Amino acid sequence: MSARKKKEYTDTDWAPFAKYGLKELPPFVTYSTGDPTPTPGESPRWSGKGELALPPAIGSRVVVRMNSYGPGEVVSYFTESGFLGVEVRVDKLPTWAVEQRKRHKMSLTEPVMVFGTEIEPVEDP
């Protein structure tokens, strides 16, 4: 008996479900309540764990581990490719990110978009 191969989806399959700049938390499922592999049209998956097993509220402070962005404030939510993420305005962009954004004529105040596994709570002083 051979294992069934899961269908692979393309950007075209996901495009109708991508949303950015959401000011309210959309319906979602966590990895613990659903298959970690999303399907177009289903509720997006949140990948946070531990203290961030649920998405942080807008206005919450988090640390963006991805690419060493550092601490910042959650300003909105987004959904992309079947996953739920947060848009975070970091306190200070790393030098490489400032140079990259200038090179591409991008805003220095644009939030970074990250998923649950790429952030952690801010440690109390």
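Bear in mind that the values in this text are calculations on the coordinates, not laboratory data. Treat the numbers as computed from the prediction; the structure is a model and nothing was measured. We place every Cβ from the backbone using ideal geometry, glycine too, and count neighbours over all the protein chains shown.
Values computed for the structure shown
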quantity	calculated
Cα centroid separation - region 13-29 against region 51-122, whole Å	16 Å
FRET efficiency, L25 to V98 (Cβ-Cβ, R0 30 Å, nearest 0.05)	0.50
Sequence-distant residues sharing a close amide H with S76 (under 5 Å, placed H)	E87
Within the chain: Cβ-based charge dipole about Cα centre, in debye rounded to nearest 20 (Lys, Arg +1; Asp, Glu -1)	380 debye
Qualifying aspartates and glutamates (Cα of each under 19 Å from Cα of K102; at least 8 residues distant if same chain)	D91, E110
Note, ³J(HN,Hα) from phi for region 37-47, Karplus 6.51, -1.76, 1.60, rounded to Hz, x at Gly and Pro	9, x, 10, x, x, 7, 4, x, 8, 9, 9
Region 11-121, Cα convex hull volume normalised per residue, Å³	105 Å³
³J(HN,Hα), Karplus 6.51/-1.76/1.60, whole Hz, each residue of region 52-59, x for Gly, Pro	10, 5, 10, x, x, 6, 4, x
Förster radius 22 Å - calculated FRET efficiency between E8 and R65 (Cβ-Cβ, nearest 0.05)	0.20
5 angstrom amide H check on G48, placed H, neighbours 5+ away	G116, T117
Reciprocal of mean inverse Cα separation for region 48-102 (Kirkwood radius, Å)	12.2 Å
